[in-house]
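Trainee: My questions will all concern the structure given below.
Coordinate-derived values only; no laboratory data. Since we're looking at a predicted model, the values are computed, not measured. Virtual Cβ from ideal backbone geometry, glycine too; neighbours counted across all protein chains shown.
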Amino acid sequence: MNSRNSLVDVDLDSLREQFSGARYSELVERQMRSLNCRLELAIQGAIAAFTEEERIVAEHIIDIFNDMASESSFWTRDCADVFDQICTMFSVLLSERGVSTESRVIFNMFQLVTTNFAEHARKSKTARKFMGIRKSFFRT
């Protein structure tokens, strides 16, 4: 089965509403706790669902957000704002390459960035502390 076929249709506006009001670090923490050692598989699955062109853009976006994540203020941002920024950036960069995509693929980009941060937090006590993730909720 193609990984892309496993992506579920989503309503981006509805998801944005659900994310509104929570800190982005809280979502990263939830992903880390719920997926735990399956995070690497989730990341691999998200990457496998992209076309080659989407993969190139995804790598660029991950680099951008890794840079943003070095600022402590990033981790206190509203999750809906981070969601918007990732989704918009992915859509715009793909559009500039002449590629259009579906909402489920755009959401996959958001999931990839988030699970990438969750995997980093799972492996690094220093990262968890910087992100504001409490150790009491996670076993290393």
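Trainee: Subtracting the Cα-Cα distance from 0.36 nm times the residue separation, let me have the gained length for SER72 to ARG134 in nm, one decimal. Walk me through the intermediate numbers first.
Mentor: Numbers: separation 62, 0.36 × 62 = 22.32 nm, distance 1.51 nm.
Once the chain is fully extended between SER72 and ARG134, it gains 20.8 nm.
Trainee: For the chain, set up a GNM with springs between Cα atoms under 10 Å and report which of PHE83, PHE50, PHE117 has the largest fluctuation.
Mentor: Looking only at PHE83, PHE50, PHE117, the biggest GNM fluctuation is shown by PHE50.
Trainee: A follow-up question, please. For the range 95-127 and the range 10-44, write down the distance between their C-alpha centroids in whole Å.
Mentor: If you average the Cα positions of each part, the centres end up 10 Å apart.
Trainee: Just to verify a number: FRET efficiency for LYS125 and ARG33, C-beta to C-beta distance, R0 = 22 Å, to 0.05? Don't skip to the answer; put the middle values down first.
Mentor: Numbers: r = 15 Å, r/R0 = 0.68.
According to the calculation, E is roughly 0.90.
Trainee: Would you mind getting me the FRET efficiency between SER95 and SER20? Use the beta-carbon distance for r and R0 = 25 Å, nearest 0.05.
Mentor: On the way: r = 25 Å, r/R0 = 1.01.
Approximately 0.50, to the nearest 0.05.
Trainee: Output the relative contact order of the chain, whole-number percent, from Cα pairs under 8 angstrom with separation of 6+ residues.
Mentor: The value is 40 percent.
Trainee: Can you work out the Karplus-derived ³J(HN,Hα) for every residue in the range 5-19? Use 6.51 cos²θ - 1.76 cosθ + 1.60 with θ = phi - 60°, whole Hz, and x for glycine or proline.
Mentor: Values per residue, Gly and Pro as x: 5, 7, 6, 8, 4, 9, 9, 4, 5, 5, 5, 4, 4, 5, 7 Hz.
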